[in-house]
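The values are calculated or read from the model by the stated rules, or taken from the named source; none is laboratory data. Predicted model only: the values in this text are computed from it and were never measured. Quick reminder, even Gly has a Cβ in these numbers, built from the backbone with ideal geometry, and neighbours come from all protein chains shown. Just the protein is used for accessible areas: all its heavy atoms, side chains included, with ligands, DNA and RNA removed. Shrake-Rupley method; radii C 1.70, N 1.55, O 1.52, S 1.80 Å.
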Amino acid sequence: GLTEAWQLSLRHTWNGADVWSLRTGLYWQRIDKAAVSAAGPDGFSMLNVSEGPLAAPRFVYTGQGENKGLEFAAERYLSGGWFLLATASVFDSRYRGSDGIWRASRWDLGHIANLTAGREWQRDQWPARSRAFGFNGRLTWAGGQRAAPVDTAASAAARSTIYDLSNGFSEQLPDFIRLDLRVYWRRNIGKLRNSTFAMDFQNISIRKNVAYRYYDAYTGRVETKEQLGLVPNISWRVEF
């Protein structure tokens with residue numbers, strides 16, 4: 001049968017003046033009939049799977065999941081040449097496998113917050129032509145993703161990474177923090193041709209966030225794989 005979900009939310013929106021908006025929300029979600037392992041009581045659940053190969057060849061559909069949290073957003077629409085959007089969410093995400101034990105799910109980050117802001121200047125604005133340049137940035141702060149611990153003995157025997165899923169995703173990686181910046185120049189000529197030249201700098205603070213941990217057969221130790229540092233990108237888009 002199909003996986004079922006029950007959802008309940010309570011939301012409130014306040015619009016102040018013409019440019020500000022505040023939004024808050026409480027939510028709760030319950031998932032039933034999720035796929036779990038039929039091989040025996042364990043902590044496997046398809047709710048935690050984002051890529052293959054799967055760890056369980058056969059399934060029964062008795063698993064459950066639960067998500068609940070609080071959301072907040074403050075937005076200033078583009079006016080006077082600048083805009084701002086701040087969002088934050090504090091939440092709890094759990095699941096239950098075939099052993100009937102509730103555990104933190106792979107997606108139980110705990111919190112996510114984003115701050116996006118930008119400024120734009122108009123150089124000239126004729127009836128059929130306009131030029132503008134500006135910049136915007138986004139700061140992201142999130143709890144670390146959950147991970148299963150590496151089974152060092154099994155990994156050494158197999159000479160590849162083997163994760164211990166007997167207790168679910170019991171470890172949490174360090175917090176994820178990233179700052180992105182964009183500088184752009186835009187020119188519009190009515191509906192005939194619009195062009196935008198931009199320079200994007202992803203992770204401009206060059207923070208080395210943790211991607212995952214793995215067993216290195218060469219060193220014989222559990223190593224940490226880090227995400228990319230600064231990623232620059234130059235683009236030019238022309239629309240006819």
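Given the structure, is Glu226 out of contact with any Asp or Glu (no Cβ under 7 Å at 6 or more places or on another chain), open to solvent by 40 Å² or more (accessible area, probe 1.4 Å), of a type in the set (Asp, Glu) and free of Cβ contacts under 8 Å to residues at least 24 places away in the same chain? So Glu226 passes the test. Of all residues in the range 176-206, exactly one satisfies the criterion of being small (Gly, Ala, Ser), part of a strand (DSSP E or B) and loosely packed, with under 15 Cβ neighbours inside 10 Å, namely Ser195. Taken over the range 145-175, residues that are in a strand (DSSP E or B) and free of Cβ contacts under 8 Å to residues at least 24 places away in the same chain amount to 1.
Picking from residues in the range 20-54 that are exposed (fewer than 15 other Cβ atoms within 10 Å of the Cβ) and among the hydrophobic types (A, V, I, L, M, F, W, C), the one that is farthest from Arg106 (Cα to Cα) is Trp20.
For residues that are of a type in the set (Asp, Glu) and under 20 Å from the mean Cα position of the chain (by Cα), scanning just the range 155-195, find the one that is modelled with the lowest pLDDT.
Glu171
Please find, within the range 207-223, the residue that is least open to solvent (accessible area, probe 1.4 Å) out of those that are in a strand (DSSP E or B) and aromatic (Phe, Trp, Tyr). I'd like the intermediate steps shown before the answer.
Step one: list which residues in the range 207-223 are in a strand (DSSP E or B), which gives 210-216, 221-223.
This time we only want the ones that are aromatic (Phe, Trp, Tyr), so: 212, 214-215.
Numbers: Tyr212: 109, Tyr214: 67, Tyr215: 28 Å².
Among residues in the range 207-223 that are in a strand (DSSP E or B) and aromatic (Phe, Trp, Tyr), the one least open to solvent (accessible area, probe 1.4 Å) is Tyr215.
Evaluation of Thr196 against the conditions (1) touching a Lys or Arg at 6+ places or on another chain (Cβ under 6 Å); (2) in contact (Cβ under 8 Å) with a residue 60 or more places away in the chain; (3) β-branched (Val, Ile, Thr) shows that the sole unmet condition is (2). Residues in the range 81-138 that are over 30 Å from Phe59 (Cβ atoms), touching a residue at least 24 places away in the same chain (Cβ under 8 Å) and open to solvent by 70 Å² or more (accessible area, probe 1.4 Å): Trp82, Leu115, Arg119, Trp121, Gln122, Arg129, Arg131, Phe133, Phe135, Arg138. Restricting the range 5-19 to residues that are open to solvent by 100 Å² or more (accessible area, probe 1.4 Å) and farther than 20 Å from Glu66 by Cβ, the residue that is modelled with the lowest pLDDT is Asp18. Based on what the data block shows, is Thr219 more than 30 Å from Ala154 (Cβ to Cβ) and of a type in the set (Val, Ile, Thr)? It is false that Thr219 is more than 30 Å from Ala154 (Cβ to Cβ) and of a type in the set (Val, Ile, Thr).
Taken over the range 55-80, residues that are in a strand (DSSP E or B), among the hydrophobic types (A, V, I, L, M, F, W, C) and surrounded by 15 or more Cβ atoms within 10 Å (Cβ to Cβ) amount to 3.
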